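Below is one structure, written out as structure tokens; comments come after it.
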Amino acid sequence: MVEPETPNGPAPPLPVDIDLTVEAGHWPDEAELVRLVGAAAAAAFAEMGVAGHSELSVVFSDDAHVQALNANWRGKDKPTNVLSFPAFPFPKGGPLPPMLGDIVLAAETVAREAALEDKPLENHICHLVIHGLLHLMGHDHETDAEAEEMEAIERAALARLAIPDPYA
């Protein structure tokens, strides 16, 4: 289970139990991933002010697996950086369901994007975990208004982690 850390020690408990799996791909070591996921989740939940307790699965995989998932579930036969699979419908602002769902990240795509955008891999991982978590919590970016709302939450959560605005 993931326990968030802050520069000053342990953070308050998260409203979610996180199961982290490193399935495939070249990633930072598991202890670092646990730290990153815990910090990202804590920042996102702090911005959203949700009530209740839930469970979340975060899977660190590779492009081949994410491409297969993307083809099967979204009809897009290509890898992507992150996929989110909600376990239950979640109305924005509602109480947490018993299980939020799964977030799956693709190693090669995530590393390539971080390099192209000249940002630390760890910052990009935090951003994508927050992005995936927001999808599980009912946010989307299909319209300009939805994208602006979602990106504002992402920016604020990342600022809590001293991570620069990825959309600047």
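General remarks:
- Applying a threshold of 8 Å to beta carbon distances and a minimum spacing of six or more residues, or different chains, the list of pairs starting in the range 27-52 at a residue that is closer than 13 Å to Ile125 by Cβ and free of Cβ contacts under 8 Å to residues at least 60 places away in the same chain and ending at one that is assigned to a loop (DSSP other than H, G, I, E, B) and among the small types (Gly, Ala, Ser) reads Gly38/Ala11.
- Considering only residues in the range 82-113 that are within 17 Å of the chain's Cα centre (by Cα) and among the charged types (D, E, K, R), the one that is farthest from Val66 (Cα to Cα) turns out to be Lys92.
- Odd one out for Ile125, checked against (1) in a helix (DSSP H, G or I); (2) in contact with an Asp or Glu (Cβ under 8 Å, 6 or more places away or on another chain); (3) not charged (D, E, K, R): (2)
- Residues within the range 28-52 that are in contact with a strand residue (DSSP E or B) (Cβ under 8 Å, 6 or more places away or on another chain) and farther than 16 Å from Leu134 by Cα, tallied: 4
- For Val104, the stated conditions do not hold, so it cannot be described as touching a helix residue (DSSP H, G or I) at 6+ places or on another chain (Cβ under 8 Å), surrounded by 21 or more Cβ atoms within 10 Å (Cβ to Cβ), in a helix (DSSP H, G or I) and at pLDDT 90 or above.
- Within the range 14-43, considering residues that are at pLDDT below 95, assigned to a strand (DSSP E or B) and among the hydrophobic types (A, V, I, L, M, F, W, C), the one nearest to Leu69 (Cα to Cα): Ile18
- Subset of the range 44-79 [small (Gly, Ala, Ser) and part of a helix (DSSP H, G or I)]: Ala44, Ala46, Ala64, Ala68, Ala71
- Pairing each residue of the range 143-168 that is free of Cβ contacts under 8 Å to residues at least 60 places away in the same chain and surrounded by 16 or more Cβ atoms within 10 Å (Cβ to Cβ) with any residue that is outside any helix (DSSP H, G or I) and among the aliphatic types (A, V, I, L, M), provided the two are 6+ apart or on different chains, yields C-beta distances under 9 Å for Arg155/Ala168.
- Looking at Ala11, Ala64, just one residue is over 18 Å from His135 (Cα atoms), more than 17 Å from the chain's Cα centre (by Cα), at pLDDT 95 or above and among the aliphatic types (A, V, I, L, M), and that residue is Ala64.
- Tallying residues that are among the hydrophobic types (A, V, I, L, M, F, W, C) and in contact with a helix residue (DSSP H, G or I) (Cβ under 7 Å, 6 or more places away or on another chain) within the range 131-165 yields 10.
The values are calculated or read from the model by the stated rules, or taken from the named source; none is laboratory data. This is a predicted model, so every value here is computed, not measured. Please note: Cβ atoms are built from the backbone with ideal geometry, for glycine as well, and neighbour counts cover all protein chains shown.
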